[in-house]
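The values are calculated or read from the model by the stated rules, or taken from the named source; none is laboratory data. As the structure is a prediction and not an experimental result, all values here were calculated from the model. Methodologically, a virtual Cβ is constructed for each residue, glycine included, from the backbone with ideal geometry; neighbour enumeration extends over all protein chains shown.
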Amino acid sequence: MISILIPTYNHSALSLVKELSNQAQGIEILYEILVLDDCSTNKKIIEENRSINNLENCSYTESNINNGRTFSRGILANNAKYEWLLFLDADVIPKDISFIEKYINEIKDNSFDVIIGGCAYENKKTQKNKVFRYTYGKKREEKAADLRNKFPHKNILSGNILIQKDIFLKYNYPYPNNIYGLDNYFAFQLFKNKVTIKHIDNPIYHLGLEDNEVFFNKSINSIDSRIKLLKNEPGINNFDSLIKNYNFFHKSKLNIIISFLFRLSEPFLKKRILSSKPSILAFDLYRLGYICNLK
């Protein structure tokens with residue numbers, strides 16, 4: 001009935017797999033859980049993940065090449081035996097004990113091609129070096145289903161997504177690449193091809209928060225990927241506001257003025273973003289300045 005697919009890199013997926021397996025067995029469904037290690041370097045974590053093979057209907061394999069999360073998902077999808085795929089990141093845990101059951105009920109209804117459960121962040125004090133990732137997640141990613149369903153294709157978080165196998169294989173980015181921003185590529189393919197999406201309140205807790213500087217750099221690098229892959233796509237301005245701004249400002253030559261102001265304000269904006277009380281407004285202004293500074 002359902003293939004649960006988890007790519008991982010230097011992160012133990014054992015606790016997550018045990019929880020998912022217990023939930024699936026509790027409702028007596030046909031399932032499999034496939035974990036693919038993307039050439040991890042942490043030997044302790046690798047050894048712990050290998051014990052996943054001892055669990056019923058669970059499999060753990062290791063890649064000898066670091067292909068990136070998106071391509072790893074493609075490998076997992078090709079190896080899956082069921083027609084519904086539930087993709088989860090390794091650094092999450094279901095918020096609710098009926099997590100799998102809620103998705104199974106959606107499969108039985110079978111009215112949509114994609115079901116997205118959403119994500120949440122625990123309400124607890126966060127380490128200073130991770131507070132930017134936490135703040136961004138709380139303000140931009142943690143949304144109720146009724147809000148996400150207003151713009152279903154613009155609220156895709158691939159770390160908790162149920163999708164039909166043929167749809168995923170058709171629109172997933174097909175090449176091995178560790179660039180960031182490929183979730184945006186995938187979301188636009190679903191938007192462009194009118195794939196039906198439903199958001200439900202079935203979140204996971206995102207536990208593996210990245211360091212402030214790491215998340216900041218990944219976010220900025222993802223802008224380059226988005227523009228490279230999508231800026232010339234027909235209809236992209238109706239989907240991606242960041243690329244819409246990029247196209248408008250470069251066409252109107254206003255990017256010259258904004259780029260100049262950005263170079264003056266860049267140190268201040270970055271300091272506010274990476275402070276103990278991160279400013280998401282400063283982050284938005286930084287990204288706008290950054291795209292105007294691109295050739």
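May I ask you to list the residues in segment 41-59 that are surrounded by 19 or more Cβ atoms within 10 Å (Cβ to Cβ) and either closer than 22 Å to LYS102 by Cβ or in contact with a strand residue (DSSP E or B) (Cβ under 7 Å, 6 or more places away or on another chain) (or both)?
Result: ASN49, ILE52, CYS58.
Is there a residue being farther than 27 Å from HIS153 by Cβ, of a type in the set (A, V, I, L, M), buried (at least 18 other Cβ atoms within 10 Å of the Cβ) and touching a Ser or Thr at 6+ places or on another chain (Cβ under 9 Å) anywhere in segment 252-271?
For segment 252-271, residues farther than 27 Å from HIS153 by Cβ, of a type in the set (A, V, I, L, M), buried (at least 18 other Cβ atoms within 10 Å of the Cβ) and touching a Ser or Thr at 6+ places or on another chain (Cβ under 9 Å): present.
Among the residues of segment 249-288, write down those that are in contact (Cβ under 8 Å) with a residue 12 or more places away in the chain and in contact with a Lys or Arg (Cβ under 8 Å, 6 or more places away or on another chain).
Within segment 249-288, SER276, PRO278, ILE280, ALA282, TYR286 meet the criteria.
Can you spot a residue in segment 236-258 that is in contact with a helix residue (DSSP H, G or I) (Cβ under 8 Å, 6 or more places away or on another chain), aliphatic (A, V, I, L, M) and within 30 Å of SER40 (Cβ to Cβ)?
There is no residue in segment 236-258 that is in contact with a helix residue (DSSP H, G or I) (Cβ under 8 Å, 6 or more places away or on another chain), aliphatic (A, V, I, L, M) and within 30 Å of SER40 (Cβ to Cβ).
Within segment 255-266, is there a residue that is closer than 21 Å to GLU141 by Cβ and either assigned to a loop (DSSP other than H, G, I, E, B) or at pLDDT 90 or above (or both)?
The answer is no; no qualifying residue exists.
When the residues of segment 241-251 are narrowed to those that are among the hydrophobic types (A, V, I, L, M, F, W, C) and out of contact with any Cys (no Cβ under 7 Å at 6 or more places or on another chain), which ends up surrounded by the most Cβ atoms within 10 Å (Cβ to Cβ)?
Looking at residues that are among the hydrophobic types (A, V, I, L, M, F, W, C) and out of contact with any Cys (no Cβ under 7 Å at 6 or more places or on another chain), I get ILE243.
Yes or no, residue by residue, for (1) assigned to a strand (DSSP E or B); (2) more than 20 Å from ALA77 (Cα to Cα); (3) over 21 Å from the mean Cα position of the chain (by Cα):
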position: SER12; (1), (2), (3): no, yes, no
position: GLU19; (1), (2), (3): no, yes, no
position: GLU32; (1), (2), (3): yes, no, yes
position: LEU36; (1), (2), (3): yes, no, no
position: LYS44; (1), (2), (3): no, yes, yes
position: GLU47; (1), (2), (3): no, yes, yes
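Inside segment 1-29, can you point out the residues that are under 15 Å from LYS102 (Cα atoms) and either buried (at least 23 other Cβ atoms within 10 Å of the Cβ) or of a type in the set (A, V, I, L, M, F, W, C) (or both)?
MET1, ILE2, ILE4, LEU20, ALA24, ILE27, ILE29
Given the condition touching a residue at least 60 places away in the same chain (Cβ under 8 Å), surrounded by 14 or more Cβ atoms within 10 Å (Cβ to Cβ) and of a type outside the set (A, V, I, L, M), answer yes or no: does some residue in segment 219-226 qualify?
yes
If you go through segment 108-134, how many residues are closer than 23 Å to TYR171 by Cα and among the hydrophobic types (A, V, I, L, M, F, W, C)?
So the answer is 5.
Report, by residue number, each residue of segment 60-71 that is buried (at least 18 other Cβ atoms within 10 Å of the Cβ), at pLDDT below 95 and not in a helix (DSSP H, G or I).
ASN67, GLY68
Considering only residues of segment 184-215 that are of a type in the set (Phe, Trp, Tyr) and part of a helix (DSSP H, G or I), which is modelled with the lowest pLDDT?
Looking at the filtered set, the residue picked out is TYR185.
Being touching a strand residue (DSSP E or B) at 6+ places or on another chain (Cβ under 7 Å) and either crowded, with 19+ Cβ neighbours inside 10 Å or assigned by TED's automatic domain parsing to the domain that holds PHE186 (or both): is that true of ILE204 here?
yes
In segment 72-183, which helices (runs of 4 or more DSSP H) lie fully inside it and hold 2 or more residues that are touching a helix residue (DSSP H, G or I) at 6+ places or on another chain (Cβ under 8 Å) and of a type outside the set (A, V, I, L, M, F, W, C)?
Output list reads 131-136, 165-171.
Answer yes or no: is there a residue in segment 283-290 that is part of a helix (DSSP H, G or I) and among the small types (Gly, Ala, Ser).
Looking for residues that are part of a helix (DSSP H, G or I) and among the small types (Gly, Ala, Ser), one finds at least one in segment 283-290, hence yes.
Does segment 236-243 contain at least one residue that is closer than 23 Å to ASN155 by Cβ, assigned to a loop (DSSP other than H, G, I, E, B) and out of contact with any Asp or Glu (no Cβ under 6 Å at 6 or more places or on another chain)?
The answer is yes; a qualifying residue exists.
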